[in-house]
Amino acid sequence: MGDIDMKEKFSFAQFQKLGKVLMTPVMILPIAGILVGVGSAFTTQNMVNLVPALGTPYVKLFFDLLKAMGNTINSYLPIIFAVSVAIGYAEKEKGIAALCSVIGFLAMNNVMNILLVSLGELDPAAMTTGQSLVMGIASLDTGVFGGILVGLLVSWLHNRYYNIQLPPALGIFSGTKFVPVVTLLGCSALGLLMAFVWPVIQHGLTVMGQIIYSTGAAGSVLYGLSERALLPFGLHHFIYTPFFFTNLGGSMVIDGVQVDGAVNIYNAMLASPDAMFDINISRFVMNGKVIFAMFGMPGAALAIYQTARPENKKAVKALLIAAVIPAVFTGITEPIEYAFLFVAPLLFVIHAGFAGLAYLLTYIFQVNVPGPSSFGGPFLSTIFNGIMQADKGSNWIWIFILGAVFFILYYAVFKFMILKFDYKTPGREEGEMEMRELNGKKVSDELLTVIIEGLGGADNILNVDACFTRLRVKVKDQGAVMPDEDWKAKTGANGVVRVRDGVQIIYGAKADVYKNNLKNALDME
């Protein structure tokens, strides 16, 4: 039984950590999306007809350069994922791990190239579906999945061998110098394996993608609802990431080039002078999130504000404005969601249902505007990918029609539920709220002390990390961590999630700042 518990503990903790690690490269995408969006918007034929000056060579060159800058990220996502995963999992000497992930990624693709060409399965001059140039190497297009596998393998090898001591005759290769050697061997073996396994996986993903593609509206509802429903467990990344970057999210030929994955396809459509948007692709880049993040969440925030006690409204107003801004501009809705998730779980269930409804309606009305932060967030995406891409079939006008409906829907339902069941959402507690503010980027010594003591003291803290909204702390003894209610009262936390090996404290956008200050105070790398 003990072995099973340890296995579950490892699996769940590592699964959550992988979700966090994968968000690092995803968060690089917004600037790429904005650059491609701006460059594409001002080079469409309609815009050139409207403003002829946009068609002059130097102006066109400028916007083409913007697109090229953005596609620097879009075109090399697999190796960016490989480096991010290796850095995220490396325990020490992260720079060496990053270097080795590049070596490993190139080795994997070179081995696949030599093997498949020798077997007659790959012709660099006439590549078939599932094959492409990867970093200039004719290989199988494993996409970000291949990058993730390389990153995981390299980090495992790195952590195992970065401090190895070899016999004196081989002493020159001891320590970190041994990691590139073992990486070359390990990733070459991975390339041999992938050459035979990946085509089977790719075929399976294609079949699954075709089934999901045929589900239409029903599939959109399930996609949006499940993505939100898994948020409390920190596993929602695993709903959308495969659709974003593998052919599970679609496979299309854009301007003569085979493109896989919803994010890649949408970006290719955006950059193409002729390709039109497709709702079966747009739904997987979270078109429904534009509606509930930019309109629904502000409606919920207004309901929370209006139901707060009069003496607390000033403090609640500041809190909610700070939570609404990232929802509207980046698509990060967690600061608002955690304001009611723990005190009113039924409200979160309703919210997840509304998210599914948003995906249904955006599918029906073919709203081809992506909503996640990887496209600049709902607001900027509405401008650059919606209003300025009307001739590609963005149907952006429905965003504001549906948005008005969702604002009213969220506001009315949240206000009714809060008052009906007397939910203790922010500002409805007895007494006056105490708002803790950050002084620049430094947490007060008093608050830092309370957090450390609340975690059972410095000796009880094994590791400190953070995602968008959660301070994630691994501890020796969870029994030494102070009660959940004390975190809110003493540190201003929005909630606490207990996991097998530690605790996750929800602080909203301040979580990363708290992490850095804690690491400095505890002298952690």
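The values are calculated or read from the model by the stated rules, or taken from the named source; none is laboratory data. Just so you know, these numbers come straight off a predicted model, no measurement behind them. No Cβ is skipped: glycine too gets one built from the backbone with ideal geometry, and neighbour counts run over all protein chains shown. Note: areas computed on protein heavy atoms with side chains; ligands, DNA, RNA excluded. Shrake-Rupley method; radii C 1.70, N 1.55, O 1.52, S 1.80 Å.
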Residue check: is Val85 closer than 30 Å to Tyr162 by Cα, touching a residue at least 12 places away in the same chain (Cβ under 8 Å), part of a helix (DSSP H, G or I) and open to solvent by less than 30 Å² (accessible area, probe 1.4 Å)? yes
Number of the condition not met by Lys20 [criteria: (1) within 23 Å of the chain's Cα centre (by Cα); (2) open to solvent by 60 Å² or more (accessible area, probe 1.4 Å); (3) modelled with pLDDT under 75; (4) of a type in the set (Lys, Arg)]: (2)
From Ala262, Ala229, Ala293, Ala300, grab the single residue that is among the small types (Gly, Ala, Ser) and more than 19 Å from Ala327 (Cα to Cα). Ala262
Run down Lys392, Lys424 and say which single residue is open to solvent by less than 20 Å² (accessible area, probe 1.4 Å), of a type outside the set (Phe, Trp, Tyr) and more than 22 Å from Tyr223 (Cβ to Cβ). Lys392
Of those in segment 329-343 that are crowded, with 21+ Cβ neighbours inside 10 Å and of a type outside the set (Ser, Thr, Tyr), the residue nearest to Pro370 (Cα to Cα) is Gly331
Against the definition (buried (at least 21 other Cβ atoms within 10 Å of the Cβ), assigned to a loop (DSSP other than H, G, I, E, B) and not charged (D, E, K, R)), how does Gly403 come out, yes or no? no
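Can you name every residue in segment 262-284 that is part of a loop (DSSP other than H, G, I, E, B) and among the hydroxyl-bearing types (Ser, Thr, Tyr)?
Ser272
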Against the condition in contact with a helix residue (DSSP H, G or I) (Cβ under 7 Å, 6 or more places away or on another chain), surrounded by fewer than 17 Cβ atoms within 10 Å (Cβ to Cβ) and part of a helix (DSSP H, G or I), how does Met69 come out, does it pass? yes
Only residues in segment 476-493 that are closer than 17 Å to Ala458 by Cα count as the first member; pair them with residues that are open to solvent by 40 Å² or more (accessible area, probe 1.4 Å), Cβ under 7 angstrom, at least 6 apart or cross-chain, and list the lot. Lys476/Leu462; Gln478/Arg498
Within segment 355-383, the count of residues that are surrounded by fewer than 24 Cβ atoms within 10 Å (Cβ to Cβ), assigned to a helix (DSSP H, G or I) and more than 20 Å from the chain's Cα centre (by Cα) comes to 6
Among (1) open to solvent by less than 50 Å² (accessible area, probe 1.4 Å); (2) outside any helix (DSSP H, G or I), where does Gly386 come up short? (2)
Could you say whether any residue in segment 111-121 is part of a helix (DSSP H, G or I) and without any contact (Cβ under 8 Å) to a residue 12 or more places away in the chain? yes
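Listed here are the residues, each with its yes/no results for (1) closer than 23 Å to Val21 by Cβ; (2) open to solvent by 20 Å² or more (accessible area, probe 1.4 Å); (3) part of a strand (DSSP E or B).
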{"residue": "Leu447", "(1), (2), (3)": "no, no, no"}
{"residue": "Ile452", "(1), (2), (3)": "no, yes, no"}
{"residue": "Asp465", "(1), (2), (3)": "yes, yes, yes"}
{"residue": "Arg472", "(1), (2), (3)": "yes, yes, yes"}
{"residue": "Asp486", "(1), (2), (3)": "no, yes, no"}
{"residue": "Ala511", "(1), (2), (3)": "yes, no, no"}
{"residue": "Leu518", "(1), (2), (3)": "yes, no, no"}
Of all residues in segment 431-472 being modelled with pLDDT under 55 and small (Gly, Ala, Ser), the one that is farthest from Thr333 (Cα to Cα): Gly431
Phe196 passes all but one of the listed conditions (1) surrounded by fewer than 14 Cβ atoms within 10 Å (Cβ to Cβ); (2) of a type in the set (Phe, Trp, Tyr); (3) within 27 Å of the chain's Cα centre (by Cα); the exception is number (3)
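Only one residue in Trp156, Trp198 is in contact (Cβ under 8 Å) with a residue 12 or more places away in the chain, touching a Leu at 6+ places or on another chain (Cβ under 7 Å) and not aliphatic (A, V, I, L, M), so which one is that?
It is Trp198.
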Taking the residues in segment 488-505 that are in a loop (DSSP other than H, G, I, E, B) and in contact with a strand residue (DSSP E or B) (Cβ under 7 Å, 6 or more places away or on another chain) as candidates, determine which candidate is most open to solvent (accessible area, probe 1.4 Å). Asn494
Kindly indicate which of Leu184, Leu205 is modelled with pLDDT of 90 or more and either open to solvent by 10 Å² or more (accessible area, probe 1.4 Å) or of a type in the set (Lys, Arg) (or both). Leu184
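Could you list, in sequence order, the residues of segment 379-404 that are small (Gly, Ala, Ser) and under 16 Å from Gly331 (Cα atoms)? Lay out the reasoning, then the answer.
From segment 379-404, those small (Gly, Ala, Ser) are 381, 386, 390, 393-394, 403-404; that's our starting set.
Hits for segment 379-404 are Ser381, Gly386, Gly403.
If the requirement is being closer than 14 Å to Phe295 by Cα and in a helix (DSSP H, G or I), which of these qualifies: Leu346, Leu409?
Being closer than 14 Å to Phe295 by Cα and in a helix (DSSP H, G or I) holds for just one of Leu346, Leu409, which is Leu409.
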